[in-house]
Amino acid sequence: MKINLADKFASFSEHWRPKLIAELNGQGMRIVKCQGVFPWHSHADEDELFLVWRGQFRIEFRDRIISLGPGELFTVPRGVEHRTAADEEAEVIIFEPLGVKNTGDVDDPVYTAPEIPRI
C-alpha cells in the first residue's frame, strides 16, 4: 500500500500521540508530532529509531544531547534512559517493535498512549 507521509501527518494535530502507519517483520513504523518535553524513560528490550521528517528534535540523555533535523536519524539502544523534546513542533517517524509502549518503563497520565491507532 502506498503511503504519503505528508498526508498522514496532516491527518492529526495532537502532540506525543503516535500513529501506526506501516508494519514490517514485527516492526512498526509510527509517526508522531512532538512539541515540548517528553518524560524520562527507557525500553528494557527494544531499540528505538527516530527519523525527523520536519522540524528540529532532540534526544536527551543524562550525559549528552543529540540534536536532529529533517532527514537525520538516531537509534536509542535498548535499556538506555532518555527523553525527547522539540521547542517548536516537529514531525518524527519512529521505528520499533509492534506493541512497544511509547513511554517504556514509565506510566504517565498525560504522555502514555492508551493504544497506538493505525491511520
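Here are a few things to note about the model shown:
- Highest-fluctuation residue, Ser67, Ser42, Ser13 considered, GNM on the chain with Cα pairs under 10 Å: Ser13
- The calculated 222 nm mean residue ellipticity attributable to helices in the chain amounts to -1000 deg cm²/dmol, summing -39500 (n - 2.57) over DSSP H runs of n ≥ 4 and dividing by all residues.
- FRET efficiency, Asn25 to Asn4 (Cβ-Cβ, R0 22 Å, nearest 0.05): 0.45
- Annotation: for a label point projected 7 angstrom from Cα along Cα→Cβ of Ser13, residues of the range 81-119 with backbone N closer than 18 Å are 88-91.
- Net lengthening on full extension, Ile119/Arg78 (0.36 nm per residue, minus Cα-Cα): 12.1 nm
- Under the Debye formula (equal points on every Cα, no solvent term), log10 I(q)/I(0) of the range 5-97 at q = 0.24 Å⁻¹: -1.38
- Relative contact order (percent, whole number), the range 5-97, Cα cutoff 8 Å, 6+ residue spacing: 36
- Most mobile of Arg58, Arg30, Arg78 in a GNM of the chain (Cα contacts under 10 Å): Arg78
Read-outs throughout are calculated quantities, based only on the coordinates presented, and are distinct from any laboratory measurement. All figures in this text were calculated on a predicted structure; none of them were measured in a lab. Quick reminder, even Gly has a Cβ in these numbers, built from the backbone with ideal geometry, and neighbours come from all protein chains shown.
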